[in-house]
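What follows is one structure encoded as structure tokens, with my remarks underneath.
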């Protein structure tokens, strides 16, 4: 338990007690890219030695394909299955990075959910609000200012939309 004493500080109005018993929940958005690997490695390196106070969720949000992208439902199902297998392999690799960095395997969860939100950032926001994560970690892709203007930026949208949550943007 951490107690903040405000008796000797005129700038602080109240005394607040914060308990550290509950694990801090961290959501790492991953997509199978090298950028996502860097974000996972960063969290592992930073928190792996003190990992007992944290639980990690690796979140992958494969895009929900448009109905007209495939000539048949079977073709769509085959694409989704292949995509899911590729993502599962990458996410298991990310989980191993965290476990080898010091996190207990049972404290690293995996969520692979089709993203029905209009943007990746909206899907991440939806998951963060739904499960109440304390921190969201995303990797910054190296896109140009022109691309960011045309297509938007996940990290920028999260930075402007997240509330009551820390955001780590890993270069």
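Along the Cα→Cβ direction, 7 angstrom out, place labels at residue 24 and residue 84. What is the inter-label distance in nm?
3.4
So how far apart, in nm, are the two label points at residue 71 and residue 131 if each is 7 Å from Cα heading toward Cβ?
So the two model labels end up 3.9 nm from each other.
Over region 22-170, what relative contact order in percent results from Cα pairs under 8 Å that are six or more residues apart? Working shown, then result.
Numbers: 207 pairs, mean separation 50.9, N = 149.
Normalised by residue count, the contact order of region 22-170 is 34 percent.
Work out how far the C-alpha atoms of region 52-117 reach from end to end along every principal axis, then list the three figures in whole Å, largest first.
So the extents along the principal axes, rounded to whole Å, are 48, 22, 12.
As a footprinting exposure proxy, order 50, 136 by other Cβ within 10 Å, with the fewest listed first. Write down the numbers at each step before the final one.
Numbers: 50 9, 136 24.
Going from least to most buried by this count: 50, 136.
Please report 100, 60 as a ranked list, fewest other C-beta atoms within 10 angstrom at the top and most at the bottom.
Values: 100 10, 60 24.
By the 10 Å Cβ count, ascending, the order reads 100, 60.
Bear in mind that the values in this text are calculations on the coordinates, not laboratory data. Treat the numbers as computed from the prediction; the structure is a model and nothing was measured. Quick reminder, even Gly has a Cβ in these numbers, built from the backbone with ideal geometry, and neighbours come from all protein chains shown.
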